[in-house]
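Just below is one structure, and these are the notes that go with it.
Every number here is computed from the coordinates shown, using simple stated rules; none is lab data. If you're wondering where the values come from, they're calculated on a predicted model, not measured in any experiment. Here Cβ is always computed from backbone atoms with ideal geometry, including for glycine, and neighbour counts include all displayed protein chains.
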Amino acid sequence: MTVQTAVTPGGSRAYVDVRPGELLPQDVPTVEVEALLRQGRIAAVQPKPEPEPVAQRPAKSAAKGEWVAYAVSQGLEQGEAEALKRDELVALFEDGGGE
């Protein structure tokens, strides 16, 4: 498929060939992209979700709230985590436990 793309900042345009499965260049005019989508010649690409940040294990002396948040990030239900004492949460995740 051939699409129009920018060549210079001044507005000169060129036509480039794009193979099936390739992403369109960023500077293809919006109007052309919308037309290609309507015609079914291209499909919208869904962005990959950002990976969840790995929660860092709190210090043993951290407040219970930090331990609850950490426990929930590791898959424990919020209510279960809140029902445990801070020292129980620490013990649950000590030496790689719970991971």
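Highest-first packing order for the peptide set 25-31, 15-21 is 25-31, 15-21, based on the mean count of other beta carbon atoms within 10 Å. Remark: relative contact order (the chain) = 15 percent; criterion is Cα-Cα distance under 8 angstrom and separation of 6 or more residues.
Packing order of peptides 74-84, 38-48, highest average first: 74-84, 38-48 (average count of other Cβ atoms within 10 Å over each peptide's residues).
Between GLU22 and ALA55, what FRET efficiency comes out of the Förster formula 1/(1 + (r/R0)^6) with R0 = 35 Å and r the beta carbon distance, rounded to 0.05? Rounded to the nearest 0.05, the efficiency is 0.40. From the largest down, the chain spans 67, 30, 21 angstrom on the principal axes of its Cα atoms.
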